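Chemist: Sharing a structure here in structure tokens format.
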Amino acid sequence: MIIEKIIILDYENRVANEFEFSKGPNIITSDGTTVGKSSLTKSLYYALGFEIKQFPHGWDVKTMRFRIDILINGLSYSIIRNNALFYVSDKEGVLNLKEFSEWCKRAHYFSLSFSN
């Protein structure tokens with residue numbers, strides 16, 4: 001899987017950020033400690049279906065949407081996460097977390113498993 005881009009939309013505060021990644025390894029760096037490296041990393045994981053225990057102070061993910069553009073085996077996909085719902089560019093309709101997990105397995109993306 002190759003991550004090409006992530007877009008983070010905060011509808012309540014009317015703010016959006018877009019981060020594009022170059023081909024090959026990418027290193028997230030900064031000169032400061034409160035610039036957003038961890039926020040970006042957490043956003044990537046969250047957009048890919050993982051639960052994040054603690055988002056940055058002031059973030060309300062209920063008012064945010066995360067879009068990530070990825071390549072899997074040469075095929076492009078866009079994934080949009082809105083809370084516990086997912087939209088995947090090659091599927092019709094909205095997926096819940098379990099359905100998204102099944103899509104990930106079929107796409108040979110990765111395998112998510114959930115405990116009760």
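Chemist: Name the longest site-free stretch of the chain, where the excluded sites are trypsin sites (Lys or Arg not before Pro) in a DSSP loop with no more than 10 other beta-carbon atoms within 10 Å.
Modeler: Between the exposed loop sites, the longest stretch runs 54-116.
Chemist: Classify the range 2-106 from the C-alpha gyration tensor, please: rounded if a/c falls under 1.5, else prolate or oblate depending on whether a/b exceeds b/c.
Modeler: oblate
Chemist: Which whole-number percent gives the relative contact order of the chain, counting Cα pairs below 8 Å spaced six or more residues apart?
Modeler: Here the relative contact order equals 23 percent.
Chemist: Report the residue, chosen from I70, I52, I79, that carries the largest GNM mean-square fluctuation when the chain is represented by alpha-carbon nodes joined by springs under 10 Å.
Modeler: Residue with maximal mean-square fluctuation among I70, I52, I79: I52.
Chemist: Another question, then. I'd like the FRET efficiency for K91 and V15, computed as 1/(1 + (r/R0)^6) with the beta carbon distance as r and R0 of 41 Å, rounded to 0.05.
Modeler: It comes out at approximately 0.90.
Chemist: Of the candidates S30, S43, S78, which one comes out as most mobile in a Gaussian network treatment of the chain with C-alpha springs shorter than 10 Å?
Modeler: S30
Chemist: While we're on this one: If each residue of separation counts as 0.36 nm, what is the full-extension length gain between K5 and E102 once their alpha-carbon separation is subtracted?
Modeler: 32.6 nm
Chemist: Taking the Cβ-Cβ separation of S30 and I72 as r and a Förster radius of 35 Å, what is the calculated FRET efficiency to the nearest 0.05?
Modeler: Plugging the Cβ-Cβ distance into 1/(1 + (r/R0)^6) gives 0.75.
Chemist: Enumerate the calculated ³J(HN,Hα) couplings along the range 72-82 in order (Karplus 6.51 cos²θ - 1.76 cosθ + 1.60, θ = phi - 60°), each rounded to whole Hz, writing x wherever the residue is Gly or Pro.
Modeler: 10, 6, x, 9, 8, 9, 10, 10, 10, 10, 10
Chemist: Do any GluC sites (Glu not before Pro) in the range 4-67 lie in a DSSP loop with no more than 10 other beta carbon atoms within 10 Å, and if so, which?
Modeler: Loop-located and lightly packed - E12, E51.
Chemist: Looking at the range 1-78, which chymotrypsin sites (Phe, Trp or Tyr not before Pro) are DSSP coil and have at most 16 other C-beta atoms within 10 Å of their C-beta?
Modeler: Y11, F21, F50
Every read-out reported here was derived from the displayed coordinates using simple, explicitly stated rules and does not represent laboratory data. Computed from a prediction, not measured in an experiment: that's the story for all the values here. All Cβ positions, even for glycine, are placed from backbone atoms using ideal geometry, and neighbour counts span all protein chains on display.
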